[in-house]
1. Only residues that are over 21 Å from residue 25 (Cα atoms), of a type outside the set (Ser, Thr, Tyr) and in a helix (DSSP H, G or I): list them for the stretch 92-113, please.
2. Could you pull out the residue among 109, 54 that is of a type in the set (Val, Ile, Thr), crowded, with 17+ Cβ neighbours inside 10 Å and out of contact with any His (no Cβ under 9 Å at 6 or more places or on another chain)?
3. From the residues in the stretch 67-112 that are among the small types (Gly, Ala, Ser) and over 16 Å from the mean Cα position of the chain (by Cα), which one is nearest to residue 14 (Cα to Cα)?
4. Does any residue of the stretch 113-128 turn out to be of a type in the set (Ser, Thr, Tyr), under 16 Å from the mean Cα position of the chain (by Cα) and farther than 19 Å from residue 13 by Cβ?
5. Determine whether residue 83 is modelled with pLDDT of 95 or more, closer than 15 Å to residue 22 by Cβ, surrounded by 17 or more Cβ atoms within 10 Å (Cβ to Cβ) and of a type in the set (A, V, I, L, M).
6. Take residue 89 and tell me if it is at pLDDT 95 or above and part of a helix (DSSP H, G or I).
7. Could you give me the residue pairs with C-beta distances under 8 Å whose first residue belongs to the stretch 22-33 and is closer than 19 Å to residue 68 by Cβ, whose second residue is among the β-branched types (Val, Ile, Thr) and surrounded by 15 or more Cβ atoms within 10 Å (Cβ to Cβ) wherever it lies, and which are 6+ apart or on separate chains?
Amino acid sequence: MNRTQVNRTQMNRTHSFRCGAAGAAIAVATGAFGAHALRDRLTPGDLETWELAVRYLMFHALALVAIAALPREGRRIAVASTLLAIGAALFSGTLFVLVLSGARWLGAVTPIGGTLMIAGWVVLATARVTPSSARTASAPAASAACAPEP
């Protein structure tokens, strides 16, 4: 792997990690907002939709953080993380706006986000992941707490 590829890989990892951490923070905030500020204002169906949006956002945020830790080669992991991030933002974002605004037409846009998430998982499943024993010096080493005992 040349220097440009190493820098790009590090940038992709940082981007995945930051998007995942931001998504998790937004999921916690919107979950708390739904549980405390919206519970008495929403219909049970709308509250269920809100909780679905929070849950999918958190799952995909955690997936992005996990992707950032993968040893990787090639472009598929970067494509997968981009699809997952955009898909989760679109899926959950449209559901949040739908519930808050009552704009039911957004229900037709939401599946686009879901499709992007599915595509992200499929691309991730086909990605080439380097075994940890073949990591380069530029890849982060496992911490002592995570390393297997001899």
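1. 104, 105, 106, 107, 108, 111, 112
2. The match here is 54.
3. That would be 74.
4. For the stretch 113-128, residues of a type in the set (Ser, Thr, Tyr), under 16 Å from the mean Cα position of the chain (by Cα) and farther than 19 Å from residue 13 by Cβ: present.
5. The answer is no for residue 83.
6. Against the criterion (at pLDDT 95 or above and part of a helix (DSSP H, G or I)), residue 89 qualifies.
7. 24/65; 27/54
The values are calculated or read from the model by the stated rules, or taken from the named source; none is laboratory data. Note that this is a predicted model, so its numbers are computed, not measured. As a convention, Cβ positions derive from the backbone with ideal geometry for all residues, glycine included, and neighbour counts pool all protein chains shown.
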